[in-house]
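K.L.:
I'd like to ask some things about the structure below.
Every read-out reported here was derived from the displayed coordinates using simple, explicitly stated rules and does not represent laboratory data. Everything numeric in this text was worked out from a predicted model, so none of it was measured. Using ideal geometry, Cβ is built from the backbone for each residue, glycine included, and neighbour counts are taken over all protein chains shown.
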Amino acid sequence: MWRSLFFLLLLANSPLRETPVATAAAAAGDECPMDLNYVGTFPWDRSYCQPPISNMTNCCTTLLSLFGIAIGQRLHLTGLFRLPNAAASSACLADFSSNLSALSLPSDLVHTCFPSPQRFVITPDFCAGILTRRNWTAKLGPSTAIDSACRSDLSVPTQCYDCANAGVAVTAQLTALDGNASHATQCFYLAVDYAAGVANQFGPEDPRAAGCIFSLALSSPSSPPTRSKSHTAAIIAPIAATLALALLLSALGLYLRLSKSKKKRKLSKKQEQSPRSRSHARPNTGSILYDIEEMEKATDNFSERNIVGRGGFGVVYKGTLSDGSLVAVKKVLELNLEGGDEKFQNEVEIISHLRHRNLVPLRGCCITNDDDDMEEPKERYLVYDYMPNGSLADHIFTSPVDGNGYSGKKKSTLTWPQRKNIILDVAKGLGYLHYGVKPAIYHRDIKPTNILLDGEMRARVADFGLARQSREGLSPLTSRVAGTHGYLAPEYALYGQLTEKSDVYSFGVLVLEIMSGRNALDKSAESNSALITDWASTLVKSGRAEEVLDAALVREGNPKGTMERFVLVGLLCAHVMVALRPTISEALKMLEGDIDVPVIPDRPMPHGHGYPFGEDGTITASPALSASVSIL
């Protein structure tokens, strides 16, 4: 599962390409400081290296992962990272070769796959001067994100994913400490070794850890020793959760009924005192402060039938104002923050002044309750222009209603010109938020449900947020703290390191969704989920970029070269390493053909026991992916 976040390294791309040192060059008497006897007993999938070998790259990457177990175990036992010199490395590779030969595998595999023992050697300039676990602690402190995220049973997909996210963040820390971006790969190796050899409670020789951290294909699923207890807990937990949820819903229903009755009495009293609507434009501003009475009238008292969208940020209702204009009224959740209503209104005014062809216009806001009424919590609403063609998700996905607010039905199949325009529109809208206003606005939640389509099927970025929701001291105009799984840049998900590149990552995922018609997360296979970036990268790296495209686009005879360029830009934008992503302005130039798209750097690829992809690009049930690459 580390494949879901880490960029993986092909053997030829190793930064240590010294002159090959033959295994036989080890001086007489040199011994390997690692025990490699596990090679014959560990449940690794040997099929990749059994003659006749159809794909040598697959075999070498499998052996690279297998050898990594010993390196992790050495760190676990001695506190020393990797190997001290080429002689020791040569001796270990000789032992490795002997153990493989005992399994009736070809005798020249190790020399073929690892011609330079130097690649496993550590030196003071390897990464941030870290040679030992003590050095690690001195540089990063007694506990890192890896220590907590990678400790548990990593056969659980979500926990493995969290461990991978932690590895990305710590790799970035190490690279920053080193000060040399070219050492990022070496720092990545240290993060992997630490996760397996120190952080995971089961150790590197446990199949659950090796399968996740080293992406090693296993010959059979591993089971923790306490399976019966875990199985019992797995049965009991959902039952207990269901009972608790039922009680919670009952209590909530009673509260809502009482609250609604109280609100009606209060509204009736307010109407007697002030029958005239109090909605008004604020002088010298671009916003309107709406009265709750007008909002209720416009939405038929916030009727369920007027709901046009919902998500973690709020519920959106379609409404008709007294002047006949259509609006979208969003009830904003979780805005009981410090600062008061005046600050909230001022921030709405700032955003209301933003004017761009590819942003959804914000008209104003509505705040319930008078300042002297403390019986009920305040409710806040945002009022936008209504977009008649709904969200992008309605047009590219056919899926059930879910937590992301997908509608469950597909309104239409977008043509290539429409998809091209939508992608360019979103890029231009983000470019305005990043560079057209000061301070910059970072969206944080770019996804299809937040891209709305106007009457001309042109895209407008919605939900670009309020200043008062920023608690991170970054941009005073930022949106919600949490994004959506599958679209969230790893460096922001873990440490709140929010930059324009965080939006670029989400934009890249969005581009791939538009071009393929697939969801960011494919949950169709059992007990796992596959990232669209993994799927698309697998096809592109094997020269099958055309298979990423929605079949409808290919049938229509559209310009294949241009469409494939959009796919490549999407992959580049969604690269896991921040430094390798373009800015949104650079991405726009690539999309428009003004600058060339660079070679796409290697990124995570599906690992052996995850989701393999068949020749048609669909998920299959085969035990391993021919293009899987180890991360050691």
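K.L.:
Report ³J(HN,Hα) in whole Hz for each residue of the stretch 586-600, in order, from the Karplus equation J = 6.51 cos²θ - 1.76 cosθ + 1.60 where θ = phi - 60°; Gly and Pro get x.
P.N.:
Working through the residues one at a time gives 5, 4, 4, 5, 5, 4, 7, x, 6, 9, 6, 7, x, 4, 6 Hz.
K.L.:
Ranking request for peptides 206-213, 75-82, 422-429: highest mean number of other beta-carbon atoms within 10 Å first, then the rest in descending order.
P.N.:
The most tightly packed comes first, giving 206-213, 422-429, 75-82.
K.L.:
If you build the Cα gyration tensor of the stretch 38-146 and take the root of 5 times each eigenvalue, what three semi-axes come out, in whole angstrom, biggest first?
P.N.:
29, 15, 12
K.L.:
Here is a further query. Given 10 °C and 1.306 mPa s, how large is the Stokes-Einstein diffusion coefficient of the stretch 16-213 in µm²/s, with Rh as the Kirkwood radius over Cα pairs?
P.N.:
So the translational diffusion coefficient is about 92 µm²/s.
K.L.:
Holding the Cα-Cα limit at 27 Å, pick out from LYS330/LYS420; LYS420/LYS447; LYS331/LYS447; LYS318/LYS378; LYS420/LYS501 the pairs that are longer than that.
P.N.:
Among LYS330/LYS420; LYS420/LYS447; LYS331/LYS447; LYS318/LYS378; LYS420/LYS501, the Cα-Cα distance tops 27 Å for LYS330/LYS420.
K.L.:
What share of Cα pairs, in percent, lie more than 17 angstrom apart in the stretch 145-188?
P.N.:
Values: 337 of 946 pairs.
Pairs farther apart than 17 Å: 36 percent.
K.L.:
Sort CYS60, CYS573 so that the residue with the fewest other Cβ atoms within 10 Å of its own Cβ comes first and the one with the most comes last.
P.N.:
Starting with the residue having the fewest Cβ neighbours, the order is CYS60, CYS573.
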